[in-house]
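Working notes, structure below.
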């Protein structure tokens with residue numbers, strides 16, 4: 001199944017996801033290249049809501065560009081299997097070999113990325129059309145991170161997932177992901 005089909009089949013959880021789903025589908029219909037950074041207006045990214053077995057904690061990474069804690073994820077970079085991308089990003093950003101709980105999309109949201117310098121070049125502000133998958137990992141395994149991408153990685157309780165140390169725009173998304181987990 002291709003990305004458009006997966007987005008079409010996705011059942012939105014709330015109004016934000018309904019609106020974003022509409023925009024994701026328009027974006028796919030409008031642009032030829034939605035999976036690489038060559039599309040400077042925006043492109044798909046794949047992320048993971050990584051929870052512990054008890055469903056009381058989640059993994060967050062301190063993102064250098066966002067300047068705050070956010071769930072792990074990254075660019076599709078041409079790959080249309082966003083689940084595979086999400087799993088690889090978790091391993092790369094946290095050192096965890098996470099287990100996929102569900103192969104279906106868990107959440108979607110359009111995330112703003114402010115203009116920034118990457119590898120000595122300016123990258124204009126753009127959107128990440130973010131597709132999130134639900135994964136599980138052992139919260140006793142030591143975490144590791146890449147200093148070129150983040151300033152740290154940690155497990156946080158669900159209460160901490162919406163505190164002031166998280167990125168401003170991500171707090172409501174963290175809350176939504178936790179609510180969705182309770183519904184599942």
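Could you look through the stretch 154-184, keep only residues that are part of a loop (DSSP other than H, G, I, E, B) and at pLDDT below 85, and pick out the one that is farthest from residue 15 (Cα to Cα)?
165
For residue 80, are the conditions met, namely being out of contact with any strand residue (DSSP E or B) (no Cβ under 8 Å at 6 or more places or on another chain), more than 18 Å from residue 167 (Cβ to Cβ) and touching a residue at least 60 places away in the same chain (Cβ under 8 Å)?
Against the criterion (out of contact with any strand residue (DSSP E or B) (no Cβ under 8 Å at 6 or more places or on another chain), more than 18 Å from residue 167 (Cβ to Cβ) and touching a residue at least 60 places away in the same chain (Cβ under 8 Å)), residue 80 qualifies.
Which condition from (1) over 10 Å from the mean Cα position of the chain (by Cα); (2) within 18 Å of residue 100 (Cβ to Cβ); (3) surrounded by 16 or more Cβ atoms within 10 Å (Cβ to Cβ) is the one that residue 80 breaks?
(3)
Quick one: count up the residues across the stretch 10-23 that are without any contact (Cβ under 8 Å) to a residue 12 or more places away in the chain and either closer than 15 Å to residue 104 by Cβ or not in a helix (DSSP H, G or I) (or both).
So the count comes out to 1.
Taking the criterion of being in contact (Cβ under 8 Å) with a residue 40 or more places away in the chain, surrounded by 14 or more Cβ atoms within 10 Å (Cβ to Cβ) and in a helix (DSSP H, G or I), would at least one residue in the stretch 24-40 satisfy it?
Yes, the stretch 24-40 has at least one match.
Tell me which of these residue 130 doesn't satisfy, since it passes every other one: (1) within 10 Å of the chain's Cα centre (by Cα); (2) more than 24 Å from residue 67 (Cα to Cα).
For residue 130, the failing item is (2).
Give the number of residues within the stretch 142-153 that are out of contact with any helix residue (DSSP H, G or I) (no Cβ under 9 Å at 6 or more places or on another chain) and either closer than 24 Å to residue 57 by Cβ or assigned to a helix (DSSP H, G or I) (or both).
Here the count works out to 4.
Checking the structure you have, find out if any residue of the stretch 156-177 is closer than 19 Å to residue 87 by Cβ and free of Cβ contacts under 8 Å to residues at least 60 places away in the same chain.
No, the stretch 156-177 has no match at all.
Going through 62, 122, 133 one at a time, which residue ends up being outside any loop (DSSP other than H, G, I, E, B), surrounded by fewer than 21 Cβ atoms within 10 Å (Cβ to Cβ) and touching a strand residue (DSSP E or B) at 6+ places or on another chain (Cβ under 6 Å)?
62
Take the residues in the stretch 1-22 that are touching a helix residue (DSSP H, G or I) at 6+ places or on another chain (Cβ under 9 Å) and under 18 Å from residue 33 (Cβ atoms); name whichever of them is surrounded by the fewest Cβ atoms within 10 Å (Cβ to Cβ).
By that ranking, first place goes to 4.
Only one of (1) in contact with a strand residue (DSSP E or B) (Cβ under 9 Å, 6 or more places away or on another chain); (2) surrounded by 12 or more Cβ atoms within 10 Å (Cβ to Cβ) fails for residue 117. Which number is that?
Answer for residue 117: the failing condition is (2).
Can you work out which of the residues in the stretch 101-119 that are over 20 Å from residue 3 (Cβ atoms) and part of a strand (DSSP E or B) is nearest to the chain's Cα centre (by Cα)?
112
Tell me whether the stretch 139-150 contains one or more residues that are touching a strand residue (DSSP E or B) at 6+ places or on another chain (Cβ under 7 Å) and modelled with pLDDT of 95 or more.
The answer is yes, given that some residue of the stretch 139-150 is touching a strand residue (DSSP E or B) at 6+ places or on another chain (Cβ under 7 Å) and modelled with pLDDT of 95 or more.
The values are calculated or read from the model by the stated rules, or taken from the named source; none is laboratory data. What you see is a predicted model, and the numbers here were worked out from it, not measured in a lab. Cβ: placed from backbone, ideal geometry, glycine included. Neighbour counts: every protein chain shown.
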